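Structure first, then comments.
All of the numbers you see were taken from the coordinates with simple rules; none came from a lab. This is a predicted model, so every value here is computed, not measured. Note that we place each Cβ from the backbone using ideal geometry, even for glycine, and neighbour counts take in every protein chain shown.
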Amino acid sequence: MFSSLSEKLQDVFKRLRGKGKLTEKDIKDAMKEVKLALLEADVNYKVVKDFINTVTQKAVGEEVLESLTPAQQVIKIVYDEMVRLLGGSDTKLTFSPSGFSIYMMVGLQGSGKTTTAGKLAGLLKKQGKNPLLVACDIYRPAAIKQLEVVAQKVGVKCFADYNSKDAVKIAKEGIEFAKASRCDVAIVDTAGRLHINQELMDELVSIKNAIKPTEILLVLDAMTGQDAVNVATAFNEQLGIDGIIMTKLDGDTRGGAALSVKAITGKPIKFAGVGEKMEDLEAFHPDRMASRILGMGDILTLIEKAQEAIDQKKAEELEKKLRSMQFTLEDFLDQLKQIKKMGPLSQIISMIPGIKLKGDVDFDAGEKELKKIEAIINSMTKEERQDPSIINSSRKRRIAMGSGTTVQDVNRLLKQFEDMKRMMKQFSNPNFAKKGKFKFPFM
Ligand SMILES: Nc1nc2c(ncn2[C@@H]2O[C@H](COP(=O)(O)OP(=O)(O)OP(=O)(O)O)[C@@H](O)[C@H]2O)c(=O)[nH]1
C-alpha cells in the first residue's frame, strides 16, 4: 500500500535529518522533491500545489528554522497536512435514528462494489448488527449470484429476484423484506457500468428517491488513480454521495486517488478495501494512513487486528505454558493460525513502525513457509506434537510424506522449535538479564 510514494518521501526526510540545522533553501529543495513524489503518485496537480504551499509556508516560519530538530518539525508539518488531505478526523458510518439504516452501494463495474457490499455486511454483523444484502444489479445475472455467495460467506441473508427487470421495485421489496425479517441494516448493491452514463445515473436517482438511503456509499478502485477522482466528482454532482469506500488499496503503490479525493469532492473516505477476502475491509483513519505513508507504521491498527484475531483466554493459557515450559508443537500450530488470521504478512509488516522495506520482499515465500510448517505439524500424531523427542527417522519420513515436504523440512522445523524452547528457558530464568549473556539469534 502506497509503497513507492512512501519510499520516496522517506528518502527526502532522511536527507533532511542528516542536515542538522536547516536553511530556507534546504526546506524549499526538500519540498520540490516532495512535490515530485506526490505528482508521480498521481495526486491531483491542484491538490499538490496547495499542499506544498501550505507546508512550505509553515516550515519556513522561524519556529522550524530555530528549532533544535528542524527536520522533525518539517516532517510533523508534512504529517499534519497529509492527515488533513486524507480527510482530517475519522468519519464514521451514520446510522439512522429510526433504528433501520439503508446503505446504497454505487460505483463503476469492477470497482469492487459487490465484494465490498459483502465485506460491509460482515463488518456490521461483527459489530452486532443484523444486515440484509439486496441485489439490484439486474443486468448481470452473475452479479446476483455473486452477492448471494458473499452473503453466505459472511453469514447474512440476501434478497434477490432473478425474474424481475425492475431495479427500483427490487430495492423497495428488499427494504420491506429486511424490515419484515427484523434486520436493522439493508445494504443495496446497485448495477455498475463501464463508464458513467445518463441511463445509469437515472436508475440510481430513481432507486435513491424510492428507498431514501441513510447513506450513499461510492465504491472506488484506488488503482485507477485520477480516474477514480473524476468518477467521484461525477457521482457526487449527479447523485450526491455521503462517503467513499476506496478498494484495492493493497495493490495501490501510488496513493493518488486516496490523497486527492477528499480535497476535490469534499466527501470523506469511510472505509478501505485491503484485499480480496471478506475480512479485508478497514475503517479509514486519516492519521493512521498518514503514518503508514510516512513510514511511521500503524501500530493502532496492528493492535486492533491482533485483538480481533487473538483469543484472550488462549493467550493467557499460552503464557502459563511458556512460563512452565510446557509449550508444545500443538501450541505452536495454534499460534501460527492466530497470526494468519491477522492477514497477509506483507500487510502486518507494513504496519510496524520503523520497518522500511526496500525493493521487492518475497512475502509469498514467507506465506509458503508458514503453510509448510502448518502442513508438517498437521501430519504429526497428537503424541508427536506433545513430545517431539519421539520423532525418529521413520516417523520423520512418514510426516514428510504426509505433508508433501522433505525430511530436511521436518528436521528444520524440529530444530527451530527446540531453539525456541531454549530461548524461552533463558527468558524464564529470572537471572538471565543480570548475567548479560543472553543474545537474540538475530542481533
Ligand atoms: N486486491 C483487492 N481486490 C479487490 C478488493 N475489492 C474487490 N476486489 C476484487 O475486485 C474484483 C471486482 O470486484 P466486484 O465486487 O466483482 O466488482 P463490482 O464493482 O461489483 O463489479 P460489477 O458487479 O461488475 O459491477 C474482484 O475480483 C474482487 O475480488 C480489494 O480491496 N483488494
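The table below lists the values:
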item	result
Extension reserve of the ASP11-VAL168 stretch, reckoned as 0.36 nm per residue once the Cα distance is removed	51.3 nm
Violating pairs (Cα-Cα greater than 21 angstrom) within the set LYS179/LYS270; LYS157/LYS179; LYS49/LYS262; LYS92/LYS119	LYS179/LYS270
Residues LYS320 and ARG397, FRET efficiency given R0 of 45 Å [Cβ-Cβ distance, rounded to 0.05]	0.80
Cα gyration tensor shape for region 3-85, rounded if a/c is under 1.5, else prolate or oblate	prolate
Sites ARG193 and GLU369, calculated FRET efficiency, Cβ-Cβ separation with R0 51 Å, nearest 0.05	0.75
Region 111-119 - phi-based ³J(HN,Hα) in whole Hz, Karplus 6.51/-1.76/1.60, Gly and Pro as x	6, x, 4, 5, 4, 5, 4, x, 4
For TYR79, TYR162, order by how many other beta-carbon atoms lie within 10 Å, fewest first	TYR162, TYR79
Burial ordering of LYS35, LYS270, LYS153, fewest other beta-carbon atoms within 10 Å first	LYS153, LYS35, LYS270
Spatial separation of Cα centroids for region 93-147 and region 163-233, in angstrom	9 Å
Inter-label distance, nm, simple model (7 Å from Cα along the C-beta direction), GLN408/GLU237	6.3 nm
Length gained when the stretch ALA180-THR23 is fully extended (0.36 nm per residue, less Cα-Cα span)	49.7 nm
FRET efficiency, TYR139 to GLU40 (Cβ-Cβ, R0 45 Å, nearest 0.05)	0.75
